[in-house]
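The values are calculated or read from the model by the stated rules, or taken from the named source; none is laboratory data. What you see is a predicted model; the values in this text were computed from it and never measured. Here the Cβ is made from the backbone with ideal geometry for all residues, glycine too, and neighbour counts use every protein chain on show.
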Amino acid sequence: MSLQRDISNDPVSFRDWNEEMSKRYDPDCFYNNINPFIRWVEKQRINWLHRFLAPKETDKILDVGCGAGNSLNGLTNKYLYGVDISLYLLGKARNLLQERVVLVRADAQDLPYPNRSFDRVISSEVIEHVINPSAFLSEIARVLKPEGVAVLTIPNEILIIRLRKILSSLDLFNIFIGDINARKHNKRQIYSCEWHLNYFNSYIIRPMLIRHFSIQKVKAIPSALFPLHWIIKVVLNKNYLSF
């Protein structure tokens, strides 16, 4: 299945397409990449996500779009939950996290939890994959407790694609990205990520966030001079809570 087909109004087609993409672009290819720099960047992203989250031991935490479980891994809270639309990725998360986390198959735009259910919400590298980013953020706001904290991460798509083009033009893509990814990428897939339905940066996402949230902190990973990812810490804003 490809994006040439209209999947936006067909939940089954979208779910099936996403399942195919999750296998083609397995996130573990980044966490376990042969390139030590890529592994280091991913580790930094998770470390800073956890630092921004700063959970208390008794906090109830939800990972929206938990993928293979890498963002939840390392958290020691008693009440950990993860949702993902991909059965393939949920299977990997179960292998990684064992019985420590309650994992559920669900659409990030329609979370199966009551209002104000969670003290902390994580969503790492997910918003670019959803059909309706506004509905996705609205659901995170809905399930977050009034005093809660949410932490999101987004990729810097423009910079990442630019780097991919440079590496490809110099015939260095396979060396720097690794055979496990390179075998699966043709030229079109190098120059754009077919799994990403939306492209964001820290400025584009801001107007969407402030409809529901107040932004507390923003961190560029690995640095402000080379921002491959942004980590954004938010809390519910007063206008949203007044509804």
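Hey, residue 73 hits all of (1) crowded, with 22+ Cβ neighbours inside 10 Å; (2) under 23 Å from residue 52 (Cα atoms) but one; which does it fall short on?
Among (1) crowded, with 22+ Cβ neighbours inside 10 Å; (2) under 23 Å from residue 52 (Cα atoms), residue 73 violates only (1).
Taking into account only those residues within the range 129-149 that are in a loop (DSSP other than H, G, I, E, B) and touching a residue at least 24 places away in the same chain (Cβ under 8 Å), which is nearest to the chain's Cα centre (by Cα)?
Filtering the range 129-149 for residues that are in a loop (DSSP other than H, G, I, E, B) and touching a residue at least 24 places away in the same chain (Cβ under 8 Å), the one nearest to the chain's Cα centre (by Cα) comes out as 130.
Kindly establish whether residue 103 is crowded, with 17+ Cβ neighbours inside 10 Å, touching a Lys or Arg at 6+ places or on another chain (Cβ under 9 Å) and without any contact (Cβ under 8 Å) to a residue 40 or more places away in the chain.
Against the criterion (crowded, with 17+ Cβ neighbours inside 10 Å, touching a Lys or Arg at 6+ places or on another chain (Cβ under 9 Å) and without any contact (Cβ under 8 Å) to a residue 40 or more places away in the chain), residue 103 qualifies.
Output the residues belonging to the range 31-60 that are over 25 Å from residue 79 (Cβ atoms) and either surrounded by 19 or more Cβ atoms within 10 Å (Cβ to Cβ) or among the aromatic types (Phe, Trp, Tyr) (or both).
Across the range 31-60, the qualifying residues are 33, 37, 38, 40, 42.
Just to be sure before I move on: is residue 63 buried (at least 24 other Cβ atoms within 10 Å of the Cβ), among the acidic types (Asp, Glu) and touching a strand residue (DSSP E or B) at 6+ places or on another chain (Cβ under 6 Å) in the structure I sent?
So residue 63 passes the test.
If the Cβ limit is 9 Å and pairs must be 6+ apart or interchain, which residue in the range 221-243 that is without any contact (Cβ under 8 Å) to a residue 40 or more places away in the chain pairs with which residue that is surrounded by 12 or more Cβ atoms within 10 Å (Cβ to Cβ) and aromatic (Phe, Trp, Tyr)?
Final answer for the pair search is 237/213.
Just to be sure before I move on: is residue 110 acidic (Asp, Glu) and crowded, with 24+ Cβ neighbours inside 10 Å in the structure I sent?
In short, no.
For residue 28, work out the one condition from (1) of a type in the set (D, E, K, R); (2) at pLDDT 95 or above; (3) within 16 Å of the chain's Cα centre (by Cα) it doesn't fulfil.
Evaluating residue 28 over (1) of a type in the set (D, E, K, R); (2) at pLDDT 95 or above; (3) within 16 Å of the chain's Cα centre (by Cα) leaves (2) as the failure.
Does residue 141 fit the bill of being in contact with a His (Cβ under 7 Å, 6 or more places away or on another chain), modelled with pLDDT of 95 or more and either among the acidic types (Asp, Glu) or under 30 Å from residue 214 (Cα atoms) (or both)? Let's see the steps before the verdict.
On the way: in contact with a His (Cβ under 7 Å, 6 or more places away or on another chain): yes; modelled with pLDDT of 95 or more: yes; either among the acidic types (Asp, Glu) or under 30 Å from residue 214 (Cα atoms) (or both): yes.
Answer is yes for this residue.
Name every residue in the range 1-23 that is farther than 20 Å from residue 106 by Cα and either at pLDDT 85 or above or surrounded by 13 or more Cβ atoms within 10 Å (Cβ to Cβ) (or both), in order of residue number.
Listed by number, the list holds a single entry, 1.
Under the condition of being crowded, with 22+ Cβ neighbours inside 10 Å and not β-branched (Val, Ile, Thr), which residue from the range 149-180 is modelled with the lowest pLDDT?
155
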